[in-house]
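Q: Structure in structure tokens, see below.
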Amino acid sequence: MERKAEVERRTKETDISLSLNLDGTGIYEVDCPIGFLNHMLNSFCRHGLFNLSGKLKGDLEVDQHHLMEDTGIVLGGAFTKALGEKRGIKRAGFFIYPMDETLAAASVDFGGRPFLVAELALSGIPLVSISQETGKESSFQTDTVTDFWQGFVTGAGCNLHLDIIRGRSDHHKIEAVFKAAAKALKEAVSIEERASGQIPSTKGIL
């Protein structure tokens, strides 16, 4: 059975549509107006082997918070829809990802209860970038990373713990977290061959 989903979210603040394939090869084709988020989602798909396509629009003239949070909600919702009853999945996953001086850990459980713990040790200083095409300077609000993952756990109905064990660069910390989360999620949604068709819970439902 194909584990795919399409989810849309349209509000006065954002207009988001995403298509997800949990059993992909890491193909990323999303029209994303925030350069750093685009980089993170691309890394997320590559390391989780998820295929993701779609379009993100938001009121960036206000700030990046709405689009970051709502993108997390839609992506999490796509995981929920693609997993269905969650029969046969491993349910939980964990990964520690090293990135130069940074070490990040991610732990996830698709137990049906949304909860986020994000100890990211970020400086709060925006990351500045310059467009190669226009030379225009832009910045990424690093505090919205937590908003993204809070949206994700809300949409996915999962427990997610994200921790920076050590690190210096905010860029590396955030990227290592996205990669660690991707690896942990890939493990959690993978099929447990010895429990084929079973719901991984003593409750009988997730």
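The values are calculated or read from the model by the stated rules, or taken from the named source; none is laboratory data. Note that the structure is a prediction, hence the values are computed from the model and not measured. Glycine gets a Cβ as well: all are built from the backbone with ideal geometry, and neighbour counts include every protein chain shown. Just the protein is used for accessible areas: all its heavy atoms, side chains included, with ligands, DNA and RNA removed. Shrake-Rupley method; radii C 1.70, N 1.55, O 1.52, S 1.80 Å.
Q: Which one of Glu13, Glu2 is surrounded by fewer than 22 Cβ atoms within 10 Å (Cβ to Cβ), touching an Asp or Glu at 6+ places or on another chain (Cβ under 6 Å) and of a type outside the set (A, V, I, L, M)?
A: From the options Glu13, Glu2, the qualifying one is Glu13.
Every residue, every condition in (1) surrounded by fewer than 17 Cβ atoms within 10 Å (Cβ to Cβ); (2) in contact with a Ser or Thr (Cβ under 6 Å, 6 or more places away or on another chain); (3) modelled with pLDDT of 95 or more; (4) not in a loop (DSSP other than H, G, I, E, B), yes or no:
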position	(1), (2), (3), (4)
Ala106	no, no, yes, yes
Val117	yes, no, yes, yes
Thr146	no, no, yes, yes
Gln198	yes, no, no, no
Lys203	yes, no, no, no
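Q: Taking interchain pairs and intrachain pairs at least six residues apart, which have beta carbon atoms under 6 angstrom, with the first residue in the range 92-115 and in contact (Cβ under 8 Å) with a residue 40 or more places away in the chain and within 20 Å of Ile165 (Cα to Cα) and the second open to solvent by 10 Å² or more (accessible area, probe 1.4 Å) and among the basic types (Lys, Arg)?
A: Phe95/Lys183; Tyr97/Lys179; Glu101/Arg168; Thr102/Lys173; Leu103/Arg166
Q: Here are some conditions: (1) open to solvent by 10 Å² or more (accessible area, probe 1.4 Å); (2) modelled with pLDDT of 95 or more; (3) over 16 Å from the mean Cα position of the chain (by Cα). His65 meets all but one. Which one does it not meet?
A: (3)
Q: Consider only pairs whose beta carbons are under 9 Å apart and that are at least six residues apart or on different chains; among these, list those whose first residue lies in the range 120-137 and is without any contact (Cβ under 8 Å) to a residue 40 or more places away in the chain and open to solvent by 90 Å² or more (accessible area, probe 1.4 Å) and whose second residue is aliphatic (A, V, I, L, M) and in a strand (DSSP E or B).
A: Lys136/Ile130; Glu137/Val128; Glu137/Ile130
Q: Condition test on Ile165, is it open to solvent by 60 Å² or more (accessible area, probe 1.4 Å), farther than 23 Å from Ile73 by Cα and hydrophobic (A, V, I, L, M, F, W, C)?
A: Yes: the conditions hold for Ile165.
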